[in-house]
């Protein structure tokens, strides 16, 4: 997932453009990999995953953390724990993916609306 999100990230662009690129990769990964999305959701609530394993996952997403942290620096989530911010972003992404899967003809519009909502949360 992290690789899909970070591929082609426009590091020389403003934070919003970087987050938009990240969002596109995230949504594309989720709609093309329903099985992987389900596994990730199950792993997120599994009590048998060790703290060390979770840390490896967090390290894979470290590049995203920096972008999100910079993007929220002056926004409503500037003092919120980063984990909460990511959980909120994940909720918006999940809702967006669900709508896209149910209504693929309007995928671009659903993705745009989801991104706008997520951006308002963090920036």
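FYI, it's all coordinate maths here, none of it is from the lab. Keep in mind that what you see is a predicted model, and the values were worked out from it rather than measured. Don't worry about glycine lacking a Cβ; one is built from the backbone with ideal geometry, like all the others, and counts go over all protein chains shown.
Does residue 107 qualify as being out of contact with any strand residue (DSSP E or B) (no Cβ under 8 Å at 6 or more places or on another chain), part of a helix (DSSP H, G or I), touching a residue at least 24 places away in the same chain (Cβ under 8 Å) and farther than 16 Å from residue 4 by Cα? Step through it out loud before you land on a result.
Values: out of contact with any strand residue (DSSP E or B) (no Cβ under 8 Å at 6 or more places or on another chain): yes; part of a helix (DSSP H, G or I): yes; touching a residue at least 24 places away in the same chain (Cβ under 8 Å): yes; farther than 16 Å from residue 4 by Cα: yes.
Spelling it out, residue 107 is indeed out of contact with any strand residue (DSSP E or B) (no Cβ under 8 Å at 6 or more places or on another chain), part of a helix (DSSP H, G or I), touching a residue at least 24 places away in the same chain (Cβ under 8 Å) and farther than 16 Å from residue 4 by Cα.
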- [ ] Kindly indicate whether residue 95 is in a helix (DSSP H, G or I), in contact (Cβ under 8 Å) with a residue 60 or more places away in the chain, surrounded by 13 or more Cβ atoms within 10 Å (Cβ to Cβ) and at negative phi.
- [x] no
- [ ] Give segment 14-41 a look and list any residue that's loosely packed, with under 12 Cβ neighbours inside 10 Å and in a loop (DSSP other than H, G, I, E, B), or say none.
- [x] 14
TODO: Would you check if there is a residue in segment 43-61 being within 17 Å of residue 3 (Cα to Cα) and either touching a residue at least 40 places away in the same chain (Cβ under 8 Å) or assigned to a loop (DSSP other than H, G, I, E, B) (or both)?
DONE: yes
